[in-house]
Amino acid sequence: MKIIVTKEKAIKLIMLIAASTSVFIVLLIFLFLGKEAAPFIIKPGLSELLGARWVPVSFQKESFGILPLLTGSLLVTAIATLIAVPVGVCGAVYISEVAGSGERNFLKPFIELLAGIPSVVIGFFGLTVLAPVVKAVFGLQTGLNALTGALLLALMAIPTIVSISEDAVRSVPKSYKEASLALGASRLETILRVTTPAALPGVLAASMLGMGRVIGETMAVMMVTGNAAQITASPLDSVRTMTATIAAEMGEVAFRSDHYRALFSVGIVLLLLTFTFNIIAQKVLKKHNGA
Amino acid sequence: MKKKSYEKIVYAAMRFTTYLIILIIAYIIIEIVWNGAAALSVEFLTDSPKQSGAAGGIFPAIIGTLYLVTGTICIALPLGMASALYLSEYAAVGRLTNTIRLAIITLAGVPSIVFGLFGLGLFVIFLNFGTSILAGSLTLACLILPTIIVSSEEALRTVPQSLREGSLALGATKWQTIYKNVLPYSVPGMITGSILGVGRAAGETAPILLTAAAFFLPKLPNSIFDPVMALPYHLYVLATQHPDAAKVRPMQYGTALVLLLMVLGINLVAILIRRHFRKRYRW
């Protein structure tokens, strides 16, 4: 009897340890990013990071201002969101409320298939197909700019947005729709004025999660945005995102140099940004599901 | 009457938007398959790259990706399943459980390049594994752990509560109940979800860029402490770093196709397993 009890306790303990690894990994991520980045605060100093110039390799004076990288990431993310959210929500409402059941069973898995295509393949597609199109349409020297990056990112965020929004739209109680229809509203009025507004928190959370994915995406943006570190508001300019900077420069950097530490600092900024996005999305989802 | 045609236009616009997405997805896949198929040959699949990727094949990259995926499964699968079992069968409502859940959500949102930095800091440098299969697999395992936990938990939830209660009422212990009455019905679902996560790991580039991958290696790796070539990284270098990028287009398409087939193939296996077992158990 005693052996059985001990065995049961041991098994429970093993499971608990396994479950706790997630907590440890999160702590270790913060710890190790912080550890490699921290000395940057002492020399060259935190103010260096807030500068407007990112020139990591220079004969005169290097500068590690992350503002151009931050604005690059934000510009690409903003455009991608402006495209992906309306398209994604429209798709979700169509799949949930308008499409027949056979159509729905085909559409949703197919769109989710897009999420399974590796980002480097999407980036490759952007490089070979989309960039020349953007170049021709706008009459540019090169198709590698913020707009091309944003279009690809929108494409990558759409499955997340469609999938989660569709769940939210579908979970709106049937009685809401029935009440609306009984009051004489048409099917479309019901969709636009009752069902979609009722699902709004879920749709919002879906958009936040999609944005989180967009801002953290690396390979596709690195391949098509042109990677010029500059502060610009024009979608047709080349930009350099935070993710692309880390991926492109980490390979050539001298171990524990200022540049190396600056890249880890960029990583921390990125981590905090996505962390905030996700926590807000989860709060919204929880509130929505709880109510 | 006017209202009716207005409705029709709105529906048509929504339908158009949705099918536009479908069309773009189909276009991407067809573009890769069509151009990639032309580059496929026995030599391409079984030979090493020559002239820095401009000729020869991608055999070492295929093998490298398989090594990384295998390593990732070996680490992430047991850990993820055990985590899900704890959360679903043992965890009480409380601060500890909330902390674990928050950690899993956080982990799911961490960008892949940040996982790369983390893997570089912890596995490559601090634990001194170097740029290696081991460091890459550990990094990828951290990346897909949340996917495995969430889908395993979902599989566990589909097992009716009455099965557990019946077993416990007959005097079985908690573990006996889980082992004999919960796991047999939930393992297929757990594996399905995990395979979907593994598909993602196979296609990831950013984490292995910093922890495992090399563009060209003269021979296959001998141990888990050796660096490897990998399909996604190979495609990235061929497409953006190669001095004659336009000339090696067929090689790029071929690599993209093999990678796509591998990832979609893994997902297809998962879907087939799920369908097979859905038919077997109906509650």
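Every number in this text was worked out from the coordinates using simple rules, so none of it is lab data. Note that the coordinates shown come from a computational prediction; the quantities given were computed from them, not determined experimentally. Cβ: placed from backbone, ideal geometry, glycine included. Neighbour counts: every protein chain shown.
Just need the relative contact order of chain A here, percent rounded to a whole number, with Cα pairs under 8 Å and 6+ apart.
Numbers: 390 pairs, mean separation 72.9, N = 291.
About 25 percent, as a whole number.
Report, by chain and number, residues whose modeled amide H sits under 5 Å from the one on B:G56, excluding near sequence neighbours (fewer than 5 apart, same chain).
Close amide H contacts, sequence-distant or interchain: B:K50.
Among A:L114, A:L272, B:L96, which comes first, second and so on when ranked by fewest other beta-carbon atoms within 10 Å?
Details: A:L114 20, A:L272 11, B:L96 14.
Listed from fewest to most nearby Cβ atoms, that is A:L272, B:L96, A:L114.
Could you check which residue among B:E153, B:E204, B:E31 shows the biggest mean-square fluctuation in a GNM of chain B with a 10 Å Cα cutoff?
Looking only at B:E153, B:E204, B:E31, the biggest GNM fluctuation is shown by B:E31.
Using the Cα centre of the protein assembly as shown as the reference point, and only Cβ charges (+1 on K/R, -1 on D/E), how large is the resulting charge dipole? Debye, rounded to the nearest 20.
Details: 45 positive and 27 negative charges, 369 e Å.
In total the dipole reaches around 1780 debye.
Dipole of chain B (Lys/Arg Cβ +1, Asp/Glu Cβ -1, origin at the Cα centre): which of B:A54, B:W34, B:L127 lies farthest to the positive side?
B:W34
Just name one of B:S83, B:T177, A:G226: the one whose Cα is farthest towards the positive end of the charge dipole of the protein assembly as shown (beta-carbon charges, Lys/Arg +1, Asp/Glu -1).
Of B:S83, B:T177, A:G226, it is B:T177.
Could you point to the residue in B:I63, B:L268, A:V133 farthest towards the positive end of the protein assembly as shown's charge dipole, with +1 and -1 charges on the Cβ of Lys/Arg and Asp/Glu respectively?
Of B:I63, B:L268, A:V133, it is B:L268.
On average, how many beta carbons from a partner chain sit within 10 Å of the beta carbon of a residue in B:8-15?
Working: counts 1, 1, 4, 6, 0, 2, 11, 6.
Going residue by residue through B:8-15 and averaging, the value is 4.
Helix by helix through chain A, keep the DSSP H runs that span 20 Å or more along the axis on Cα and average at least 1.6 on Kyte-Doolittle, and give those back in order.
On the way: long enough: A:2-37 (51 Å, 1.51); A:67-93 (38 Å, 2.04); A:101-116 (23 Å, 0.07); A:146-170 (34 Å, 1.41); A:200-216 (24 Å, 1.36); A:258-290 (47 Å, 0.61).
The answer, listed by residue number, is A:67-93.
Amide H of A:W54: which non-local residues (sequence gap of 5 or more, or other chain) have their own amide H closer than 5 Å, using H built in the peptide plane?
Residues meeting the criterion, in which the H sits 1.01 Å from N, are A:G65.
Mind checking the dipole of the range A:71-290: about its Cα centre, +1 per Lys or Arg Cβ, -1 per Asp or Glu Cβ, Debye to the nearest 20? Mind dumping the intermediate values first?
Working: 15 positive and 12 negative charges, 96 e Å.
Dipole of the range A:71-290, to the nearest 20 debye: 460 debye.
Can you report the principal axis dimensions of the range A:230-270 using only the alpha carbons, biggest first, rounded to whole angstrom?
Projected onto the principal axes, the Cα atoms of the range A:230-270 cover 35, 20, 14 Å.
Classify chain B as rounded, prolate or oblate, taking a ≥ b ≥ c as the square roots of the eigenvalues of its Cα gyration tensor: rounded when a/c is under 1.5, otherwise prolate if a/b is larger than b/c and oblate if not. The partial results should precede the final answer.
Values: a/c = 2.06, a/b = 1.26, b/c = 1.63.
The shape class here is oblate.
I want to verify a result. In a Gaussian network model of chain A, Cα cutoff 10 Å, which of these has the top mean-square fluctuation: A:Q141, A:Q230, A:Q60?
Between A:Q141, A:Q230, A:Q60, it is A:Q60 that shows the largest mean-square fluctuation.
When chain A is treated as a GNM, springs tying every alpha-carbon pair under 10 Å, which of A:L151, A:L204, A:L113 comes out with the largest mean-square fluctuation?
Result: A:L113 has the largest fluctuation of those listed.
For each of A:S171, A:S58, count neighbouring Cβ atoms within 10 Å of the residue's Cβ, then give the residues from fewest to most.
Working: A:S171 13, A:S58 9.
Least crowded to most crowded, the residues run A:S58, A:S171.
Give, in whole angstrom and from largest to smallest, the semi-axes √(5λ) of the equivalent ellipsoid of the protein assembly as shown, with λ running over the eigenvalues of the Cα gyration tensor. Walk me through the numbers on the way to the answer.
Working: eigenvalues 268, 216, 127 Å².
So the equivalent ellipsoid measures 37, 33, 25 Å along its semi-axes.
When only alpha-carbon atoms count, how far does the range B:7-146 stretch along each of its three principal axes, as whole angstroms with the largest first?
Taking max minus min along each principal axis of the Cα atoms, the range B:7-146 gives 60, 56, 26 Å.
Find the lysine pairs in the range A:71-290 meeting two conditions, Cα atoms under 27 Å apart and a separation of 8 or more places or different chains, and report how many there are.
Lysine pair count for the range A:71-290: 11.
Rounded to the nearest 500, what is the protein assembly as shown's calculated 222 nm mean residue ellipticity when only DSSP H runs of at least 4 contribute -39500 (n - 2.57) each, over all residues? Working shown, then result.
Numbers: 25 runs with 400 residues, N = 574.
Result for the protein assembly as shown, helices only: -23000 deg cm²/dmol.
For a quick check: sort A:W54, B:W34 by the number of other beta carbons within 10 angstrom, fewest at the front.
Going from least to most buried by this count: B:W34, A:W54.
May I ask you to list, by number, the DSSP H helices of chain B whose Cα span along the axis is at least 24 Å and whose average Kyte-Doolittle hydropathy reaches 0.5 or more?
In chain B, the long hydrophobic H runs are B:2-39, B:59-85, B:133-157, B:183-203, B:249-280.
Between B:I30 and B:D47, what is the spin-label point distance in nm, taking each point 7 Å from the Cα along the Cα→C-beta axis?
3.2 nm
Using only the C-alpha atoms of the range A:71-290, find the volume of their convex hull and express it per residue in Å³.
Values: hull volume 30.3 nm³, N = 220.
Each residue corresponds to 138 Å³ of Cα convex hull volume.
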